[in-house]
Structure formats: C-alpha cells, structure tokens
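Structure first, then comments.
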C-alpha cells in the first residue's frame, strides 16, 4: 500500500474502461479514479484543500502531466506525478509490472 503521507490523495486519470481492462489499481487510502476529461469538474468534491498532497497517475505518463498542470492552474500547490519507469525500457515490461516508481514534483513554467 502506498503510504507517502496520511492525507496524500492519489488520482488515476485513466478512464474506468482502461482501468478495468489494464488493471493497476493503486492501493492507497485516498485513491480516486477521475478521468482526465472530468478532473476539473470533480476534483473539489474529493480534494477540497488546495494544499493537500496530490499524486497523479496514468498508464504511460501521457495524461498525468496534463492533469497536474490543470490542478496547478486550479490552485492546488502540492502536486506530484507518479512516473512509471520500466526496468527494461519496454512497454511490454510495463504490462508485466516489471517497473519501478518515482514521484516527481510538478511545476509549470510560470512557477
């Protein structure tokens, strides 16, 4: 189980169909699946505090930077991206869960 901090919120921005098909639920106390296209509409319901630590995730690090940028523009100040890093450098390795994780702070060019 992911335990970076007690109040950290983990948001998977894949759509529910991808999540069910690909799997990869992150076991965290405050885990939410909010698709990238609905993030701005739903985030305040799940994360009312703008200083709450948030970790954003998707399957191949394509939507998570966009989601992190949107969150920063909405005023959330403690946003990180969970990046998957394949140990062999291939997408197949990611499918087989042969990967490591790293959290990287997200900041926009204006910050």
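The values are calculated or read from the model by the stated rules, or taken from the named source; none is laboratory data. Computed from a predicted model, the values in this text were never measured in an experiment. A quick note on method: Cβ atoms are made from the backbone with ideal geometry, for glycine too, and the neighbour counts reach across all protein chains shown.
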Of these, 37, 75, which one is assigned to a helix (DSSP H, G or I), surrounded by fewer than 13 Cβ atoms within 10 Å (Cβ to Cβ) and at pLDDT 90 or above?
37
Among the residues of the range 14-34, which ones are surrounded by 15 or more Cβ atoms within 10 Å (Cβ to Cβ) and more than 14 Å from the chain's Cα centre (by Cα)?
18
